[in-house]
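Okay, here's the structure, questions in a sec.
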Amino acid sequence: MTGRAVCPALLLSADWSTTPAKRRMAIASRRGDGSYLVGAPEAVGPLDTLLPRIERRAGPGAAILIGLDHPIGVPLAWARQTGVTAFRPLLAQLGQGEWARFFEVSDHPTLRQPFYPRPNPSKGATSRAHLAQALGAATMDELRRRCERQTPTRKAAECLFFTLGGAQVGRAAISGWRELLHPALDHLRLWPFDGPLTTLLAQPGCTVAEIYPAEAYGQLGVTIGSRNRTSKRKREHRQAACAHWLAGGLPDGIALSEAARAEIATGFATEDDFDAFAGLLGMLLVVLGHRAPGEPADAEVRAVEGWILGQDPSSILRG
């Protein structure tokens, strides 16, 4: 135990997608005894009403923690070349002025239009080496944020700016930044950019943090993926991977609703539901004090790159 860290009234974990119908969320509400009741996954719904809906659900003056399954922050190697010293003010400017084309995916990336390649790329425009060269990096690993690099329990995440393939996260980041975070930026607190989690959640309103279900798997005793020849796309594999959650495999303080128990027992309807639920349980490990939030000691990383909630900074492998 790391000690009880924070106690928001409501937690929301969203598995993000550029396709609205695939955006799913799972919610946990604090009960009178300090434990959390976890509900079954549900649709995120319209983004322009999401925050008001969640605030009404939590109640007046409540502290809310929202976890989004997409990058929040930019790589230091890129930021240093563009003069960016903090992510929050950058986010406020994106889509305007010198950053007017930032969100436009291109086959010819530049420092201020870095997302690459387009969904139907032109011939030859699928090379990670091309992206690294265009953005002034010697290797793709330079374009990964520190929190995205390999750990003992998962492989490295895809580079933020690469938008091709099943592992890509760039299009989800574009969607989340442009459609949710940017319009509500004045009403949101961003962890770790705006301060330690305990400080942010001591205030009413919404705090947003980045989550990564693949990181949460290891924290929750879930083994699924190529290492053991299973796939989260297969319902029977999801069912086997999380069955222990119903047999005492979750720590004290987490109570499962009947609807949530039914989802676990049947392996969840979709992989999006599975990831939203795993992301929420990972958030609860932090809120209940079973894991530290993970704020890195490096002030430049906290200001520019951000961090994945609950990830131990010492777990990042070098290389």
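The values are calculated or read from the model by the stated rules, or taken from the named source; none is laboratory data. In this text, all values refer to a predicted model and were calculated from it rather than measured experimentally. All Cβ positions, even for glycine, are placed from backbone atoms using ideal geometry, and neighbour counts span all protein chains on display. What goes into the accessible areas is simple: the full protein's heavy atoms, side chains included, and nothing from ligands, DNA or RNA. Shrake-Rupley method; radii C 1.70, N 1.55, O 1.52, S 1.80 Å.
For the range 223-309, what size does the Cα cloud have along each of its three principal axes, sorted from largest down, in whole Å?
Cα extents, longest axis first: 44, 31, 19 Å.
With every protein chain in place, what's the accessible area of Asp186 (1.4 Å probe, Å², nearest 10)?
Rounded to the nearest 10, the figure is 150 Å².
Here's another thing I want to ask about it. Enter the accessible area of His187 (Å², nearest 10), with the probe set to 1.4 Å and all protein chains included.
140
Given charges of +1 on the Cβ of Lys and Arg and -1 on the Cβ of Asp and Glu, with all other atoms neutral, how large is the dipole of the range 1-71 about its Cα centre, in debye to the nearest 20?
Details: 9 positive and 6 negative charges, 24 e Å.
Using only the charged Cβ atoms, the result is roughly 120 debye.
Note down the relative contact order for the range 89-130 as a percent, whole number, built from C-alpha pairs under 8 angstrom at least six residues apart.
24
If the only charges are +1 at each Lys and Arg Cβ and -1 at each Asp and Glu Cβ, what is the size of the charge dipole of the range 63-158 around the Cα centre, to the nearest 20 debye?
About 180 debye.
Now for a different question. Let me know the number of lysine pairs in the chain closer than 24 Å at the Cα, not counting same-chain pairs under 8 apart.
4
If I build a Gaussian network model for the chain, linking alpha-carbon pairs within less than 10 angstrom, which residue out of Gly279, Gly73, Gly95 has the largest mean-square fluctuation?
Its mean-square fluctuation being the largest, the pick is Gly95.
Separate question: Considering only protein heavy atoms, what per residue accessible area in square angstrom results for the range 85-126 with a 1.4 angstrom probe? Provide the component values of the computation, followed by the final result.
On the way: 2210 Å² over 42 residues.
That works out to 53 Å² for each residue.
Working from Cα positions, state the angle (0 to 90°, nearest 10) between the long axis of helix 47-58 and the longest principal axis of the chain.
So the helix axis and the longest Cα principal axis differ by about 30 degrees.
Kindly work out what percent of the DSSP beta bridges joining two residues of the range 1-123 are antiparallel, to the nearest 5.
70
Sort out for me the Cα centre separation of the range 262-314 from the range 185-227, rounded to whole Å.
One Cα centre to the other: 5 Å.
So for the chain, taking the charge dipole from beta-carbon charges (+1 Lys/Arg, -1 Asp/Glu), which of Ala173, Gly45, Ser122 sits furthest toward the positive end?
Highest projection toward the positive end goes to Ser122.
If you take the charge dipole of the chain about its Cα centre, with +1 on Lys and Arg Cβ and -1 on Asp and Glu Cβ, which of Ala260, Thr270, Leu65 is farthest toward its positive end?
Working it through, the farthest residue towards the positive pole turns out to be Thr270.
Sticking with this structure for a sec: Can you send over the solvent-accessible area of Arg154, 1.4 Å probe, protein chains only, in Å² to the nearest 10?
10
Of the listed values [x] 1.02; [y] 1.47; [z] 0.96, identify the label whose number matches Cα Rg over 2.2 N^0.38 Å calculated from this model.
Recomputing Cα Rg over 2.2 N^0.38 Å here picks out [z].
Assign unit charges at the C-beta atoms only (+1 for Lys and Arg, -1 for Asp and Glu), then state the dipole size of the chain relative to its Cα centre in Debye, rounded to the nearest 20. Mind dumping the intermediate values first?
Values: 36 positive and 31 negative charges, 118 e Å.
In total the dipole reaches around 560 debye.
To continue, here is another question. Could you state the angle between the C-alpha long axis of helix 271-287 and the longest principal axis of the C-alpha atoms of the chain, as a value from 0 to 90 degrees rounded to the nearest 10?
With both axes taken from Cα atoms, the answer is about 70 degrees.
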